[in-house]
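For reference, the structure discussed in these notes is given below.
The values are calculated or read from the model by the stated rules, or taken from the named source; none is laboratory data. What you see is a predicted model, and the numbers here were worked out from it, not measured in a lab. Neighbour counts are summed over all protein chains in view; Cβ atoms, including those assigned to glycine, are modelled from backbone coordinates with ideal geometry.
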Amino acid sequence: MRTIGIISKPQQESIRTIVPPLLDWLKQHQIAAFCDKETTECVGPLCPELSREELAVRAEMLLVLGGDGTLLAVARAAADREVPILPVNLGSLGFLTSVTLNELYGVLDEVLAGKHRVSERIQLLTEIQRSGTTRHADGWFVGSCGDCGHQRVLHPLPRQGRKERGT
């Protein structure tokens, strides 16, 4: 893996302290990083800025710093490309964000060593008709359906003594 896109929850104060050492770690591992607008607004010009859609095209993996809402927004932006997403939970509760900040570097080591698994998520596109108006919505279904449109989410492989999460 040679390129990672970093995407952050908008106006998340902790990004200022999380991203600079992350960029250093990535550089030490010869991995180029690109950041979204929300990340560069927090940390300044430490990282080249790309739109979330461009990150999904240029990066080999997207690292999402936030919560379930941020992950879902990124999955929508990356829906046209099957780029893996590594979600890092910065909040207290995350049903979809499977990696904690304390686990981040260990999980990145596992990903680089190929010791991870990919779980796929199905995106459902829906149309809601009510009172003569039509509204489009989307959502995510946890499961699989063969060749349907899907999004890939990276998870660390379970280790002995560690419960598997995010399945």
What single numbered condition from (1) modelled with pLDDT under 90; (2) part of a helix (DSSP H, G or I); (3) touching an Asp or Glu at 6+ places or on another chain (Cβ under 8 Å) fails to hold for residue 10? (2)
Can you find a residue that is loosely packed, with under 15 Cβ neighbours inside 10 Å, assigned to a helix (DSSP H, G or I) and in contact (Cβ under 8 Å) with a residue 12 or more places away in the chain anywhere in region 85-100? no
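Filtering region 109-122 down to residues that are out of contact with any His (no Cβ under 7 Å at 6 or more places or on another chain) and not small (Gly, Ala, Ser), which residue is modelled with the lowest pLDDT? Reasoning before the result, please.
Restricting attention to region 109-122, the residues satisfying the condition of being out of contact with any His (no Cβ under 7 Å at 6 or more places or on another chain) are 109, 111, 113-115, 118.
Narrowing further to those that are not small (Gly, Ala, Ser): 109, 111, 115, 118.
Numbers: 109: 93, 111: 91, 115: 85, 118: 73.
Taking the candidates together, the pick is 118.
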Reported set for region 65-94 where residues are within 19 Å of residue 2 (Cβ to Cβ) and among the β-branched types (Val, Ile, Thr) is 83, 85
Assuming residue 67 fulfils every condition listed in (1) at pLDDT 90 or above; (2) within 22 Å of residue 105 (Cα to Cα) apart from one, which condition is it? (1)
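Could you please find all residues in region 89-108 being hydroxyl-bearing (Ser, Thr, Tyr) and at pLDDT 70 or above? Spell out the reasoning first.
Within region 89-108, the first condition is being hydroxyl-bearing (Ser, Thr, Tyr), and the residues that meet it are 92, 97-98, 100, 105.
Within region 89-108, 97, 98, 100, 105 meet the criteria.
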For region 21-64: of the residues being touching a helix residue (DSSP H, G or I) at 6+ places or on another chain (Cβ under 7 Å) and assigned to a helix (DSSP H, G or I), which is modelled with the highest pLDDT? 25
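Looking only at region 65-82, count how many residues are assigned to a loop (DSSP other than H, G, I, E, B) and either crowded, with 21+ Cβ neighbours inside 10 Å or of a type in the set (Phe, Trp, Tyr) (or both).
Narrowing region 65-82 to residues assigned to a loop (DSSP other than H, G, I, E, B): 67, 78-82.
Cutting the leftovers down to either crowded, with 21+ Cβ neighbours inside 10 Å or of a type in the set (Phe, Trp, Tyr) (or both) gives us 67, 78.
So the answer is 2.
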